[in-house]
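A quick write-up on the structure given underneath.
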């Protein structure tokens with residue numbers, strides 16, 4: 001892990017470097033007596049952590065934090081307890097060390113930096129590796145679990161979904177699928193404008209209706225019952241002459 | 001009056017005499033300049049700048065194990081900005097003790 005020190009006091013920088021010697025895998029690659037020098041360095045170099053004094057003339061530690069474009073983690077070092085609350089308003093501030101810095105407290109701060117960096121790396125990798133899905137594709141299709149396989153079904157090909165105990169039967173133009181699920185669950189995944197529950201055991205694709213009788217609809221060759229309570233909603237959704 | 005000590009410096013040096021000597025020389029040099037600046041800005045009634053040097057001197061107190069003086073100076077540091085001089089006398093009386101301690105080493 002690479003770190004730099006920004007502190008206007010030479011004695012403070014010297015102490016910090018001495019304390020850092022005792023921490024394995026931490027390399028203090030540079031130290032600066034003012035924030036501007038550090039900013040110049042950071043424009044060309046990447047570090048994992050900055051040990052930053054808050055109390056500096058002209059350009060304070062907080063000014064410095066706000067100037068960072070791609071900020072690494074920051075551990076604040078100060079002789080003041082009063083800044084702790086303000087310090088943690090900055091997301092990149094990992095810890096707040098009171099001077100004179102003690103080795104065990106310094107080690108804890110480094111552990112925090114390592115842990116946070118590790119968590120962020122894992123999250124970044126996870127996001128990077130997640131398959132990129134086209135929004136349209138997720139809107140138009142449904143994946144169902146059949147024999148431990150996820151099978152893609154085009155929503156527009158679904159004619160009827162029928163409840164069968166703990167299972168549902170998805171009837172499409174070409175094939176039927178038996179899936180362990182409920183009508184309620186699948187209904188939540190279907191576009192409202194295309195599908196309607198017409199009976200406690202049936203959800204239909206409105207676009208597939210061939211004709212309607214009082215208490216049933218014909219879809220392909222299947223006659224699907226329509227319960228009285230759903231009849232008005234069905235009529236409302238049709239383009240009636 | 002509280003007396004400075006080397007316990008913190010010895011603790012972090014882990015026996016490195018060269019580090020101890022270098023650090024003490026730097027502290028001595030910095031402290032002399034900070035004390036001069038404190039009095040200069042105090043005389044000019046520039047309390048904001050005086051406060052800045054009080055803060056730096058306070059850090060030196062903590063390195064030299066002056067825990068009680070550190071707390072007393074903390075109060076002075078906060079009050080001087082408002083034109084109040086609480087603990088000023090104590091603060092000014094510890095400064096020569098610090099310098100004497102460093103120069104004797």
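Considering only A:58, A:31, A:121, the mean-square fluctuation computed in a Gaussian network model of chain A, springs between alpha carbons under 10 angstrom, is largest for A:58. When a/c is below 1.5 the answer is rounded, else prolate if a/b is larger than b/c, else oblate, so apply that to chain B with a ≥ b ≥ c taken from the square roots of the Cα gyration tensor eigenvalues. Because a/c hits 1.5 or more and a/b exceeds b/c, chain B counts as prolate.
For segment A:2-129, the convex hull drawn through the C-alpha positions has a volume of 108 cubic angstrom per residue.
Among A:223, A:119, A:49, the largest mean-square fluctuation in a Gaussian network model of chain A, built with springs joining Cα atoms closer than 10 Å, belongs to A:223. Averaged over the residues of A:77-88, the number of partner chain Cβ atoms lying within 10 Å of the residue Cβ comes to 2. Legend: mean number of C-beta atoms from other chains within 10 angstrom of residue C-beta atoms, peptide B:25-33, equals 2. May I ask for the angle, rounded to the nearest 10°, between helix A:103-129 and the longest principal axis of chain A, with both axes built from Cα atoms and the value confined to 0 to 90°? Helix A:103-129 and the main axis of chain A meet at about 30 degrees. Entry note, the protein assembly as shown: the mean residue ellipticity at 222 nm calculated from DSSP H runs of n ≥ 4, each adding -39500 (n - 2.57), is -15000 deg cm²/dmol after division by the residues and rounding to the nearest 500.
For chain B, the longest principal axis of the Cα atoms and the long axis of helix B:17-43 meet at an angle of about 10 degrees. The base-10 log of I(q)/I(0) for the protein assembly as shown, evaluated at q = 0.08, 0.13 Å⁻¹, reads -0.58, -0.98 [Debye formula, identical scatterers on Cα atoms, solvent excluded]. When A:149, A:237 are arranged by Cβ crowding within 10 Å, least crowded first, meaning fewest neighbours, the order is A:149, A:237.
In plain terms, the residue of A:202, A:167 with the fewest other Cβ atoms within 10 Å comes first and the most crowded comes last, giving A:167, A:202. With N counted as the residues of segment A:136-237, its alpha-carbon radius of gyration over 2.2 N^0.38 Å works out to 1.03.
Using a Gaussian network model of chain A in which every pair of alpha carbons under 10 angstrom is joined by a spring, one finds that among A:23, A:46, A:229 the greatest mean-square fluctuation is at A:229. For chain A, the longest principal axis of the C-alpha atoms and the axis of helix A:10-21 are separated by about 60°. In segment A:172-197, which residues have a backbone nitrogen under 20 Å from the label point lying 7 Å from residue A:147's Cα in the Cα-to-Cβ direction? What the label zone holds, given the 20 Å backbone N cut-off, is A:172-181.
Taken together, the values in this text are just the output of simple stated rules run on the coordinates, not laboratory data. Since the structure is predicted, the reported quantities are computational estimates derived from the model, not experimental observations. When we count neighbours, we look across all protein chains shown, and the Cβ atoms used for this are built from the backbone with ideal geometry, even at glycine.
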